[in-house]
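Since the structure comes first, as structure tokens, the remarks are kept for the end.
FYI, it's all coordinate maths here, none of it is from the lab. Everything numeric here is computed off the predicted structure, so don't read it as measured data. Cβ placement follows ideal geometry from the backbone for every residue including glycine, while neighbour counts extend to all protein chains displayed.
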Amino acid sequence: MKCHFSIAMLGLLVTACSSAPDTRLLSVADLPLKSTTLPSFSIEQAPLRANARYITYDAKTGKERKLKVGDYYYVRWYDAHPEEPVRVVMHYTQAASGATPQMRELRLDEPREARKIMVTPFFFTGEDRARKGDVMTWKVELYCGGQLKDVHRSYMWRDTPKTPVAPESVEKEAVQDEVTAAADAVTPLPITVELPAARSHSPAAAVPAAPAGASSPAGSSGASGASGSSASSAPVAPLPAPVE
């Protein structure tokens, strides 16, 4: 009986050790303080009112209370390995910074006392928050021993992909390869040129023979051009005298 009991207790112990929670994020509480006026006493506003009273407890003047207005985040996480260094990183965007993310982090390099629940605050107040505006989106990462353990993000957060930048020589070679491939892919088009028929330079073909008795100026000029000076030295017959 005692043997069975010992085996059962050993099994429960092994199960409890195997199911021990690892370092992880538990929750991220967003408790903004939008004005110096305390929230109402309603149940929905109870966390905001409690945080506002806690934040403005030491504010004595209106200017000091105004500087307390901002965004307050409380990150709860479980420290399962207090002997290892831990980083709590918060990426966020603000109204004036647009989609460009910014980052804050808390480092715990020294060993902690024991395993327990930790709370890490991130406050956005003062003149810096007044200039950059409200926190719009956020992402919290928990690192333990140099390894990413857990991530929590807001609904509107969008991770921006990081595109690796190639060295300049590699980029030039890639561009040259693309140009060469494009040139090889071009097929030359056939070009057909029609040449005019050759003309004959024979005098007989160029100037047709004039019929007998023709008195055309073109024929005269052609005959004069063909005979040269002999045509101009031919005698001219006198005109007949008028009849009375």
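Would you kindly state how much longer the chain becomes between E64 and T36 on full extension, computed as 0.36 nm times their sequence separation minus their alpha carbon distance, in nm to one decimal?
Extra length from E64 to T36 when fully extended: 9.1 nm.
Based on alpha-carbon centroids, what's the gap between the stretch 74-89 and the stretch 98-165 in Å, whole number please?
So the two Cα centres are separated by 13 Å.
Quick one: Debye curve from the C-alpha atoms of the stretch 20-153, no solvent, what's log10 I(q)/I(0) at q = 0.16, 0.19, 0.21 Å⁻¹?
-0.90, -1.10, -1.19
Using Cβ contacts closer than 10 Å as the measure, can you line up K139, K60 from fewest to most?
Lowest count first: K60, K139.
Roughly how many debye, to the nearest 20, is the charge dipole of the stretch 20-153 about its Cα centre, given +1 on each Lys and Arg Cβ, -1 on each Asp and Glu Cβ, and no other charges?
My answer is approximately 560 debye.
Among Q45, Y73, A29, whose Cα sits farthest toward the positive end of the charge dipole of the stretch 20-153 (+1 at Cβ of Lys/Arg, -1 at Cβ of Asp/Glu, about the Cα centre)?
Ranked along the dipole, the leading option is Q45.
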